[in-house]
Amino acid sequence: MPSLQIRDVPEPLHRLLQRRATLNKRSLSQQTLIDLEALVGGDPRRRRLQALERIAQQWQGRAPLVWEQTPEDLIRADRER
């Protein structure tokens, strides 16, 4: 597994990470890795699946949307503006 070394971490940031690690009963390395994953989102495929699941849950049990105009009519009207 690749590793990463970060130098010259500002003292306030280091204290914050250390405090978060202590509160969550993790090592500084574990907490930093978890925070980085949360910040950048981790695995893109997993993020996409989670987003699709949230959308499906949000729309579950709702009636489908009904549009007065077809997409083609909307595009045509937009072009004619």
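Electrostatic bookkeeping for R20 treats Lys and Arg as +1 and Asp and Glu as -1; over the other residues with beta carbon under 12 Å from its beta carbon, the sum is +3.
Can you tell me the length gained on complete extension of the stretch H14 to Q60, counting 0.36 nm per residue apart and subtracting the Cα distance? Write down the numbers at each step before the final one.
Values: separation 46, 0.36 × 46 = 16.56 nm, distance 4.37 nm.
Result for the pair: 12.2 nm of gain on full extension.
Sort T22, T32 so the one with the fewest other Cβ atoms within 10 Å of its own Cβ comes first.
On the way: T22 12, T32 19.
Neighbour counts put them in this order, fewest first: T22, T32.
Inter-label distance, R81 to N24: 4.5 nm, where each label sits 7 Å from its Cα along the C-beta direction.
Listed options for P(r) over Cα pairs in 5 Å bins from 0, in percent are (i) 3, 15, 28, 24, 15, 9, 4, 1, 0; (ii) 3, 14, 24, 26, 18, 10, 4, 1; (iii) 3, 10, 12, 12, 10, 10, 10, 8, 5, 5, 9, 6, 0. The value calculated from this structure is the one marked (iii).
Read the figures in this text as sums done on the coordinates, not as results from a lab. Keep in mind that what you see is a predicted model, and the values were worked out from it rather than measured. Every residue, glycine among them, receives a Cβ derived from its backbone with ideal geometry; neighbour counts consider all protein chains shown.
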